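This report concerns only the one structure given below.
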Amino acid sequence: MRSFHISSFGGPDNLIIKESEIPKAGRGEVLVRVRASSLNFRDLPIFAGQYQPPVQIGRVPLSDGAGEIEAVGESVKRFRVGDKVVNSFLPNWFGGTLNTPPEQWIVDHDGWLTEYKVVNAEILVPMPSHMSFEEGATLSCAAVTAWSALAGVRAGDVVLTQGTGGVSLFAVQLAVALGARVISTTSSHEKTQTLRRLGAHDVIDYNATPEWGDAVRELTNGRGVDRVVEVGGPLTLPQSMKASAVGAEISIVGILAGYEGGVDFMTMFMSRVGFRAVTVGNRRDLEDMCRAMEQHGIRPVIDSVYAFDDAKAAITHYGARNIVGKVVIQH
């Protein structure tokens with residue numbers, strides 16, 4: 001079997017391929033033939049050596065994978081040979097409240113940019129039956145993050161999403177499936193069309209309308225939205241607060257717009273908005289989301305698919321950030 005490993009930090013050119021024997025599944029474990037993996041924003045600081053907590057040299061990268069069970073170890077009852085599976089993003093968080101720092105792929109365990117992988121059967125869930133391996137490989141991080149960011153959204157609510165990154169596109173699709181009205185921000189006509197195709201009711205060009213919080217207010221007759229999936233960070237948070245209704249919730253997901261900017265405390269206090277940091281989700285969240293996606297026929301938006309041997313090119317393409325949807329590597 002072949003696996004990519006981080007030989008040094010600085011970028012994808014520092015990945016090397018190593019060959020090794022296919023491992024055997026032990027008690028409670030399964031051998032997965034990994035068929036696809038996908039990239040997330042966290043992978044960029046990992047390759048650059050800037051991720052916290054720090055990553056060891058030699059780790060296999062990427063946290064999201066999909067494949068099929070090739071062998072099962074003693075006492076495994078969750079799966080059989082041939083089952084199609086995806087992995088949970090946080091391998092030791094199965095449900096309930098997250099009270100301690102969870103284990104992470106790449107930080108605590110080798111990731112999924114490999115042809116075979118032995119894991120505890122408990123960290124896997126069945127892949128939605130209507131999806132390909134390439135589609136299934138996009139779910140573990142971005143899709144579950146969107147699902148968690150929407151927790152509690154009900155039919156009739158208004159949800160605001162930002163941009164066309166992986167989390168935002170999943171949030172549009174899932175919010176529509178939950179019966180919510182979706183307002184999205186973006187930067188181009190082409191991306192506007194993608195968002196409308198996925199079900200966004202209104203789309204605002206944030207370049208043409210820098211004060212898009214006011215525009216959201218106008219679209220909601222002055223009320224504001226019930227939930228914001230906040231992926232921008234300090235630079236976009238002030239507009240998100242302006243766009244929010246009294247008693248709304250802002251799910252803080254990322255800092256894609258950078259670390260610049262800040263928010264005045266009294267502005268936050270007087271907004272009467274709740275703020276909740278989202279840490280992807282647990283295995284139960286992944287299971288629930290996969291069932292919902294299967295029921296509603298939701299398919300991930302895939303920007304591009306690369307061959308396993310072209311993984312470095314996939315990472316370079318993803319790092320340029322001129323993408324709509326997920327970048328996938330086919331194994």
Item to check | Given (1) buried (at least 21 other Cβ atoms within 10 Å of the Cβ); (2) assigned to a loop (DSSP other than H, G, I, E, B), index of the condition Phe41 fails | outcome: (1)
Checklist entry - From the residues in region 293-311 that are among the aliphatic types (A, V, I, L, M) and assigned to a helix (DSSP H, G or I), which one is nearest to the chain's Cα centre (by Cα)? => result Met293
Next on the checklist: Based on this model, can you work out whether Val86 counts as surrounded by fewer than 20 Cβ atoms within 10 Å (Cβ to Cβ), touching a Leu at 6+ places or on another chain (Cβ under 7 Å), in a strand (DSSP E or B) and in contact (Cβ under 8 Å) with a residue 24 or more places away in the chain?
Outcome noted: no
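Please verify whether Gly213 is within 26 Å of the chain's Cα centre (by Cα) and part of a helix (DSSP H, G or I), treating the condition exactly as stated.
Working: within 26 Å of the chain's Cα centre (by Cα): yes; part of a helix (DSSP H, G or I): yes.
For Gly213, the condition - within 26 Å of the chain's Cα centre (by Cα) and part of a helix (DSSP H, G or I) - is met.
Test of understanding: among Ala143, Ala171, Ala175, which residue is of a type in the set (A, V, I, L, M, F, W, C), closer than 30 Å to Gly67 by Cβ, part of a helix (DSSP H, G or I) and in contact with a Phe, Trp or Tyr (Cβ under 6 Å, 6 or more places away or on another chain)?
Details: Ala171 fails: in contact with a Phe, Trp or Tyr (Cβ under 6 Å, 6 or more places away or on another chain); Ala175 fails: in contact with a Phe, Trp or Tyr (Cβ under 6 Å, 6 or more places away or on another chain).
None of the other options fit; the residue is Ala143.
Quick check: anything in region 208-224 touching a Gly at 6+ places or on another chain (Cβ under 9 Å), among the hydrophobic types (A, V, I, L, M, F, W, C) and surrounded by fewer than 21 Cβ atoms within 10 Å (Cβ to Cβ)? Talk me through it step by step, then tell me what you get.
Kept after step one, since they are touching a Gly at 6+ places or on another chain (Cβ under 9 Å), are these residues of region 208-224: 213, 216-217, 224.
Going one step further and asking which of them are among the hydrophobic types (A, V, I, L, M, F, W, C), we end up with 216.
Subset that is surrounded by fewer than 21 Cβ atoms within 10 Å (Cβ to Cβ): none.
No: region 208-224 contains no residue that is touching a Gly at 6+ places or on another chain (Cβ under 9 Å), among the hydrophobic types (A, V, I, L, M, F, W, C) and surrounded by fewer than 21 Cβ atoms within 10 Å (Cβ to Cβ).
Please determine whether any residue of region 96-109 is closer than 18 Å to Ile298 by Cα and either crowded, with 19+ Cβ neighbours inside 10 Å or modelled with pLDDT of 95 or more (or both).
First pass over region 96-109, keeping only residues closer than 18 Å to Ile298 by Cα: none.
Scanning region 96-109, I find no residue that is closer than 18 Å to Ile298 by Cα and either crowded, with 19+ Cβ neighbours inside 10 Å or modelled with pLDDT of 95 or more (or both), so the answer is no.
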Checklist entry - Do we find a residue being of a type in the set (D, E, K, R), under 26 Å from Ser304 (Cα atoms) and part of a loop (DSSP other than H, G, I, E, B) anywhere in region 14-21? => result no
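The values are calculated or read from the model by the stated rules, or taken from the named source; none is laboratory data. Fair warning: this is a prediction, and the values are worked out from it, not measured in the lab. When we count neighbours, we look across all protein chains shown, and the Cβ atoms used for this are built from the backbone with ideal geometry, even at glycine.
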